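See structure below.
The values are calculated or read from the model by the stated rules, or taken from the named source; none is laboratory data. Fair warning: this is a prediction, and the values are worked out from it, not measured in the lab. Reconstructed Cβ throughout: ideal geometry from the backbone, glycine too, with neighbour counts over all protein chains shown.
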Amino acid sequence: MMVAGIGSRKGVSQQEVLAAIESALETHGLAMTALSALATASLKQDEPAIFSAGRELALPVIVVEDAALKAAASRAISHSDLSQERAGTPSVSEASALAAAGQAAKLLGPRTVLGPVTCAIAISGDAA
């Protein structure tokens, strides 16, 4: 399973989310078709662009609960003080991707930042 974790500022557009996902995938030489799901933190569950991006890609959007997000936080590579303060994790995108991809998941690299959106790619342990 390959998951794109999404973090963002409030009010981003679907196009900004899709561009960040594409940029993150390109960094790792992957196509959109490699993805199994999108994921984000529960604090982003009211951010329509993330869910419309999921619909556009025909992928489920996994909303990661706070406890699972915090449990995955220690495996994040990047660190944002703002993310730590607001979400309790150093990277919403990285922790979301890790939590959604499963306990043995690994990040392919640090998150990609494209304007107001961050995207991190994680693979499940059984795919590594």
Self-check item: Residue under evaluation Ala72, criteria (1) closer than 13 Å to Thr118 by Cα; (2) part of a helix (DSSP H, G or I), criterion not met
Solution: (1)
Exercise. Give the residues of the range 82-117 that are farther than 14 Å from Ser8 by Cβ, in contact (Cβ under 8 Å) with a residue 60 or more places away in the chain and of a type outside the set (Gly, Ala, Ser), sorted by residue number.
Key: Leu98, Leu108
Quiz item: Do we have any residue at all in the range 36-56 that's of a type outside the set (Phe, Trp, Tyr), in contact with a Gly (Cβ under 7 Å, 6 or more places away or on another chain), under 16 Å from Ala120 (Cβ atoms) and in a loop (DSSP other than H, G, I, E, B)?
Solution: no
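Going through the range 44-69 one residue at a time, which ones are out of contact with any strand residue (DSSP E or B) (no Cβ under 9 Å at 6 or more places or on another chain) and either surrounded by 16 or more Cβ atoms within 10 Å (Cβ to Cβ) or at pLDDT 95 or above (or both)? Before you say what the answer is, go through the steps one by one.
Of the range 44-69, the ones out of contact with any strand residue (DSSP E or B) (no Cβ under 9 Å at 6 or more places or on another chain) are 46, 48, 52, 56, 58, 67-68.
Selection gives Pro48, Ser52, Glu56, Ala58, Ala68.
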Practice problem: Run Leu57 past the list (1) closer than 13 Å to Met2 by Cβ; (2) touching a Ser or Thr at 6+ places or on another chain (Cβ under 9 Å); (3) not hydroxyl-bearing (Ser, Thr, Tyr) and report the number of the one that doesn't hold. | Solution: (2)
